[in-house]
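Below is one structure, written out as structure tokens, with a few remarks after it.
Every number here is computed from the coordinates shown, using simple stated rules; none is lab data. Because the structure is predicted, anything quoted here is derived from the model rather than measured. FYI the Cβ positions are ideal-geometry reconstructions off the backbone, even for glycines, and counts take in every protein chain you see.
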Amino acid sequence: MIHWVSSTVLSTELPVVLVHNWLDGTIPWGIRLIPFLYNRWYRRACFRVIAGRRADLTREAWITAAVPIRLVETVSAIIASEYYWPYGMLFHPEDECFVLFCFWRRTWVDSLELPCCIMRVEQQLGVEVPDDIVPRLGKMLFGDFVEELAQLAQASPTSKL
């Protein structure tokens with residue numbers, strides 16, 4: 001017996017990583033007009049992706065990326081705390097920083113989460129994050145960001161790693 005799978009089933013399959021274009025595409029056009037509803041819908045889509053991850057596969061992806069797990073756990077915990085993400089240790093190296101740092105969020109005013117997050121990273125790691133990283137965050141993958149932090153920590157005499 002042949003079972004046919006409709007194309008709608010395939011298109012609603014959750015990705016493994018947080019990708020803005022996919023997440024944004026899941027939001028109905030009417031919801032996009034109301035910032036509060038857009039933010040809530042988008043965040044719920046992110047939570048579904050994160051909740052569907054397996055810790056062992058995510059950890060294996062970080063090992064493959066050759067980034068110290070202790071650094072990943074520290075930075076992930078800081079981001080999860082500042083931006084209220086659940087399952088903070090399950091961020092994937094290919095997650096977009098645009099999503100993790102909530103650049104997608106529609107608000108009327110700027111928030112202080114990003115400067116607070118960067119300051120906590122600097123304090124926890126004992127490094128100084130260069131100013132040129134912040135404008136590039138919107139286009140970086142999380143693995144690239146953590147890799148740059150690892151390089152800063154290796155070069156810094158005050159590093160706590």
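What about Q124, is it assigned to a helix (DSSP H, G or I) and free of Cβ contacts under 8 Å to residues at least 24 places away in the same chain? No; evaluated as a whole, the condition is false for this residue.
Given the structure, is V67 β-branched (V, I, T), touching a helix residue (DSSP H, G or I) at 6+ places or on another chain (Cβ under 7 Å) and not in a loop (DSSP other than H, G, I, E, B)? It is false that V67 is β-branched (V, I, T), touching a helix residue (DSSP H, G or I) at 6+ places or on another chain (Cβ under 7 Å) and not in a loop (DSSP other than H, G, I, E, B). Within the stretch 36-81, being under 13 Å from E147 (Cα atoms) and in contact with an Asp or Glu (Cβ under 8 Å, 6 or more places away or on another chain) holds for A65, V67.
Within the stretch 111-133, being over 17 Å from W85 (Cα atoms) and in contact with a helix residue (DSSP H, G or I) (Cβ under 7 Å, 6 or more places away or on another chain) holds for Q124, L125, V127, E128, V129, I133.
Quick one: in the stretch 145-161, of everything that is in contact (Cβ under 8 Å) with a residue 40 or more places away in the chain and not in a loop (DSSP other than H, G, I, E, B), which residue is farthest from H20 (Cα to Cα)?
Among them, the one singled out is A153.
Per this entry, R105 is counted among residues that are in contact with a helix residue (DSSP H, G or I) (Cβ under 8 Å, 6 or more places away or on another chain) and closer than 24 Å to V17 by Cβ.
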